[in-house]
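Report on the following structure.
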Amino acid sequence: MFVVDTNLLLYAAVEQFHEHDRALELVSQWRDDVLPWHLTWGIAYEFLRVSTHPAVFQPPLSFPAAWSFLAAVTTGPGFSFLLPTARHALIVADLATELPSVRGNIMHDVHTAALMREHGIAEIRTADTDFHVFPFVRVVNPLV
């Protein structure tokens, strides 16, 4: 079980990245596999925000194209979205106590890490090093 982070989805969707071919191959493998893998809605919306942003990509993906990519990726037999449970607020409170120096832009990652802890998932696949701040998360960059 693992979570896939936004950057790998972006690499897979946007041909401008030199990581595109490998990322697309990986995402396609995960989609087709029966083994469980996950996204959060926060990751999905971050993908939509970045992939359609004209200041990030020229040309950016259209909203329909970005949504179609995301919809196709999430059709696999092992895929599910991680959703908050009744324990979510307690998990976030624990993280606030455990990681008092976390702030700013990494709060998006706090949400992902909280959902991972909540669902007993230890691994995130990402090319982002920010997740190393969470001692209970195993960070795997499948592109290296």
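The values are calculated or read from the model by the stated rules, or taken from the named source; none is laboratory data. It should be emphasised that the depicted structure is a prediction, and the values quoted were computed from it without experimental measurement. Because the Cβ atoms are built from the backbone with ideal geometry, glycine has one as well, and the counts that use them run over all protein chains shown.
Structure above, values below:
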{"item": "Answer residue from region 99-137, given it is crowded, with 18+ Cβ neighbours inside 10 Å and among the hydroxyl-bearing types (Ser, Thr, Tyr) and is farthest from residue 27 (Cα to Cα) among those", "result": "112"}
{"item": "Any chance residue 14 is in contact with a His (Cβ under 6 Å, 6 or more places away or on another chain) and crowded, with 19+ Cβ neighbours inside 10 Å", "result": "no"}
{"item": "Members of region 1-51 that are free of Cβ contacts under 8 Å to residues at least 12 places away in the same chain and either on the phi > 0 side of the Ramachandran plot or acidic (Asp, Glu) (or both)", "result": "15, 21, 25"}
{"item": "Count of region 61-82 residues which are outside any helix (DSSP H, G or I), surrounded by 12 or more Cβ atoms within 10 Å (Cβ to Cβ) and modelled with pLDDT of 95 or more", "result": "7"}
{"item": "Neighbours by Cβ (under 9 Å, 6+ apart or cross-chain): first from region 101-123, at negative phi and of a type in the set (Lys, Arg); second assigned to a loop (DSSP other than H, G, I, E, B) and surrounded by fewer than 19 Cβ atoms within 10 Å (Cβ to Cβ)", "result": "117/136"}
{"item": "Residues within region 28-44 that are surrounded by fewer than 23 Cβ atoms within 10 Å (Cβ to Cβ) and in a helix (DSSP H, G or I), tallied", "result": "8"}
